[in-house]
Amino acid sequence: MDFLGAMDFRMEDTATALRSHLRELVRAHVPPDFLGAFTEDPADLEVTQRFCRVLAGQGLLCPAWPEEFGGRGASVWEQTVVREEMWAHHEPRGAQYMGVNWVGPTVMRHGTAEQHRRHLPPIARGEVIWCQGFSEPDAGSDLASLRTTARRDGDGWRVRGQKIWTSYATMAQWCFLLVRTCAGRRKQDGLTIFLVPMDRAGVEVRPIRSMLGPHHLNELFLDDVRVDAAEVLGTVDDGWRVVREVLAFERVGMARYARCERLLKAAPEVLGDAWDTVPPELRGRWARMLVHCRRARLLAYRVLSLQDRGAVRPADTAAYRIAVTALDQDSAEVLVELAAHLTGTGADGRRFRRAVDDHWRYAQAATIASGSTEMQRVLLARTLLADA
């Protein structure tokens with residue numbers, strides 16, 4: 001892959017073989033009607049837990065991790081293939097996405113030797129679920145304005161406050177928690193990250209019912225929760241530096257374009273003869289969405305290459321995030337209109353309708369989650385102005 005001249009994103013043969021193998025594993029271990037872990041049916045969560053163990057047993061849950069941390073030292077591009085195939089098939093890793101994509105790598109870079117031993121092997125084996133304690137009722141996109149505080153208590157702290165939109169909190173064993181430990185000159189100063197077990201006294205989770213399904217969104221209340229010095233990730237009062245890195249990884253962790261492309265490509269085959277009844281204007285929009293899938297994929301690959309070289313900037317991830325979340329929503333609208341042309345009640349048609357409905361529901365939150373589109377544009381504009 002050459003980023004100095006023309007960009008060449010052709011995958012190596014090993015990545016192509018890996019993609020085929022992952023699809024075989026999905027066919028063998030994931031039911032055809034599976035639409036993710038966050039449904040009313042507990043069996044869907046168990047599917048993801050079993051499948052994670054299958055992937056981990058073959059070194060495919062986090063292949064790009066170093067061998068000493070439970071990976072197999074594969075390239076970032078092989079890890080990208082895993083991300084793409086998992087997201088295209090409605091994420092059969094379930095809630096492991098968070099631990100594998102960014103909690104684990106962040107602990108790797110900023111954690112102590114003891115934190116490495118305690119947290120990385122269970123993530124690599126697919127045995128533990130993490131949630132993220134970031135957003136608050138008055139600090140969503142403006143994360144640095146958070147008001148959850150930790151006050152000194154002997155050799156540890158006591159944490160009080162509230163988090164919201166906390167995905168996976170009802171099923172998670174650990175929380176990657178950002179709190180304010182002191183007042184700084186800037187609101188980004190004085191923030192600290194704690195790695196907190198969810199069964200700790202004073203931690204309360206209240207689910208938020210939404211169209212995204214159960215388990216996905218929650219409120220998290222912290223009532224005088226005790227945390228120890230050994231549970232600090234990185235340096236006290238310097239958490240914002242780590243969080244900026246975390247957000248960059250989170251914003252490219254979901255290969256949203258892969259699901260969009262898979263559903264769009266499936267439409268003509270599922271519709272069959274009914275494809276001829278689709279208006280030319282709608283077919284034109286369908287074709288444009290496929291082009292936009294390729295654009296988002298290329299942007300993702302560029303950011304991943306920059307991350308691999310340690311040269312990524314907030315503007316790089318912001319540009320990708322803007323493109324891929326717009327694609328998520330625009331493609332969902334096209335797919336809903338295409339699904340309306342389905343005739344008959346065959347199994348393939350029913351699965352397609354359900355998959356499109358699921359994609360549409362999740363797409364509605366795409367331009368808000370992990371930082372709104374407006375905030376991404378601000379990040380991009382600041383960098384462009386600074387470079388001008």
Checking 184, 94, 71 in turn, the sole residue that is out of contact with any Lys or Arg (no Cβ under 9 Å at 6 or more places or on another chain) and at positive phi turns out to be 94
Scanning the stretch 325-384 residue by residue, those at pLDDT below 80, of a type in the set (S, T, N, Q) and over 15 Å from residue 315 (Cα atoms) turn out to be 345, 367
* To do: With respect to residue 192, determine if the residue is hydroxyl-bearing (Ser, Thr, Tyr) and either over 21 Å from residue 110 (Cβ atoms) or touching a helix residue (DSSP H, G or I) at 6+ places or on another chain (Cβ under 7 Å) (or both).
  => yes
Matching residues in the stretch 152-171 (out of contact with any Gly (no Cβ under 9 Å at 6 or more places or on another chain), more than 12 Å from residue 222 (Cβ to Cβ) and not hydroxyl-bearing (Ser, Thr, Tyr)) number 5
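Yes or no, residue by residue, for (1) in the same structural domain as residue 329 (by TED's automatic domain parsing); (2) surrounded by fewer than 16 Cβ atoms within 10 Å (Cβ to Cβ); (3) in contact with a Pro (Cβ under 8 Å, 6 or more places away or on another chain):
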| site | (1), (2), (3) |
| --- | --- |
| 231 | no, no, no |
| 262 | yes, no, no |
| 265 | yes, yes, no |
| 271 | yes, no, no |
| 276 | yes, yes, no |
| 289 | yes, no, no |
| 294 | yes, yes, no |
| 306 | yes, no, no |
* Asked: Any chance the stretch 80-91 includes a residue that's at pLDDT 90 or above, over 15 Å from the mean Cα position of the chain (by Cα) and in a helix (DSSP H, G or I)?
  -> no
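Would you check if residue 109 is surrounded by fewer than 18 Cβ atoms within 10 Å (Cβ to Cβ), at pLDDT 95 or above and over 24 Å from residue 51 (Cβ atoms)?
Values: surrounded by fewer than 18 Cβ atoms within 10 Å (Cβ to Cβ): yes; at pLDDT 95 or above: no; over 24 Å from residue 51 (Cβ atoms): yes.
The answer is no for residue 109.
The values are calculated or read from the model by the stated rules, or taken from the named source; none is laboratory data. Quick caveat, the model's predicted, so the values are computed rather than measured. No Cβ is skipped: glycine too gets one built from the backbone with ideal geometry, and neighbour counts run over all protein chains shown.
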